[in-house]
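The values are calculated or read from the model by the stated rules, or taken from the named source; none is laboratory data. Since the structure is predicted, the reported quantities are computational estimates derived from the model, not experimental observations. So basically every Cβ, Gly included, is an ideal-geometry build from the backbone, and we count neighbours across all protein chains shown. These area figures cover heavy atoms from the full protein model, side chains too; ligands, DNA and RNA do not enter into them. Shrake-Rupley method; radii C 1.70, N 1.55, O 1.52, S 1.80 Å.
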Amino acid sequence: MDDLNVVQAHNLLGQKSAIPQIRKDNALTKTLRSCCIIPQRYILGVMGLLGVCNAYTMRVCLNLAITQMVNHTKSGDEHFDPDACPEDEVIGNVTAAERPYATFQWDEKTQGLILSGFYYGYAATQVPGGYLAERFGGKWTLGVGLLSTALFTFLTPIVIRAGGATWLFILRVLQGMGEGPTMPALMIMLARWVPPHERSFQGALVFGGAQIGNIFGSFMSGILLADGRDWAYVFYFFGGFGIFWFTLWSLLCYSTPNTHPYISKKELNYLNKNVTTAENKTAKDPVPWKAILRSAPVWALVWAAVGHDWGYYTMVTDLPKYSHDVLKFNIATTGTLTALPYIAMWLCSFLFGFVCDLCIKKGWHTIKTGRIIHTTIAATGPAICIILASYAGCDRTAAMVYFILSMALMGGFYSGMKVNALDLAPNYAGTLTSLVNTTSTFAGIVTPYLIGLLTPDSTLVQWRTAFWVCFAVLVGTNVVYCIWADGQHSGGMT
């Protein structure tokens, strides 16, 4: 524990250097300030939510589109599955054999490798992204990164048709590199904009954008792919959405309260008084890597993140394939049903966030206890539910209910370990988040490829094995977190 006292010293020094700037107002800033009745930290929260939503739609749109890109009927590797579920006779107005745009003959292993490509790039830019955001501010680090991903998404159909699986894999790596700085940059901006007693709710708001992205991405992909339409429309739509978000982000959001040109003086004074974190000047202080890497709570946080991401990426990346290939839903229904678990997770994240903040504020439990409780709910609950879903067999209603319940319980993640980096080292939240995300993102690299290896014929029994592996990882990593987690160390949390 003593190692992170170094971090505390850095934070306190940074806090002293965070002197509000004296700004001169002009007529435009006065007008804008008078028009903005909503506090700017909530505008940042909403735009952050939309940014994460935008990031996840571009991340997951391939997961559903790939089911309509691959021609299973031409593979020649027919495998008899005695547990196979009955197939929908019609896909929209098009029979299963009449998919003119399903022209690629990629096996499950190749599909798993393609789906994992994003996470290679995503892991590579986490730490550089955190450094850039701390050095130059989160606004442009986040904005430019997501803009590049939007442009790559828009170009995806052209790249696939020109270079096939190889070029698509490379493009997905580049898309991941663009999204890598997203979470570290947002964590830095939240550390500088959000008071400690609002962090669970604001964290649920902003990072709940992941579920909005999964909901919106899955639902709209199902609509765009229905009736045998060209899968290219999915990438054009979400790439355009990303470019539109970047325009709004550039105009409305700023890295810190003291650099915001039209924040109200009342809110600015409130944030300077209550947010105990440094401004950009502290970026000159060296990051206390030795203290961070020797901290048991940090490594507990890393393990919890690995477990969560293993379960989460299993659901995000492979639930569409399970619904379509095993449960035999048609593509329009697959898009809708795949969205339902994320609706449940998003709504429950606010409930868990509200409850956690209330209990901490009332003194019913400590920050540490709150983080452990909600992280445990978000790990063991989903682990049990996905096993129950696999043993529901071809009872499609029961299976989807279990998947929905598993993601609803995973909503506790945002008020648990997701905001724990703010507790441990708010001045270095970006660096710590980048370390955690870089490590946990390897789950995103491993899980799609491993599931491709475990499910070569995409049968129910093969998928059950994959879900048992997920159960073991979720439960095992949560035990580590419960033993060594902490909830309040450096940075002035009260």
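Computed values, structure above
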| quantity | calculated |
| --- | --- |
| Of K266/K361; K139/K321; K265/K290; K290/K368; K361/K418; K265/K368, those spanning more than 30 Å from alpha-carbon to alpha-carbon | K139/K321; K265/K290; K265/K368 |
| Å² of accessible area per residue within the range 184-279, as computed with a 1.4 Å probe and no ligands counted | 31 |
| Lys/Arg +1, Asp/Glu -1 at C-beta; the range 151-276 dipole; positive extreme among I212, G163, N272 | N272 |
| Estimated dipole of the range 124-230 in Debye, rounded to 20 [Cβ of Lys and Arg +1, of Asp and Glu -1, Cα centre] | 180 |
| Which of W364, A378, G311, positive extreme of dipole for the range 308-408 (C-beta unit charges) | W364 |
| Estimated FRET transfer efficiency when R0 is 25 angstrom, pair Q105-L453 (beta carbons, to 0.05) | 0.85 |
| Environment charge of Y449, counting only residues whose C-beta is closer than 12 Å and scoring Lys/Arg +1, Asp/Glu -1 | -1 |
| Förster radius 41 Å - calculated FRET efficiency between K273 and I384 (Cβ-Cβ, nearest 0.05) | 0.40 |
| Mean accessible surface per residue for the range 324-425, computed with a 1.4 Å probe while every protein chain stays in place, in Å² | 33 |
| At most 15 other Cβ within 10 Å, DSSP loop - chymotrypsin sites (Phe, Trp or Tyr not before Pro), the range 308-382 | W364 |
| Carbon plus sulfur fraction of accessible area for the range 431-472, probe 1.4 Å, in percent | 76 |
| Charged-residue dipole, Cβ positions (Lys, Arg, Asp, Glu), the range 292-403 about Cα centre, Debye nearest 20 | 360 |
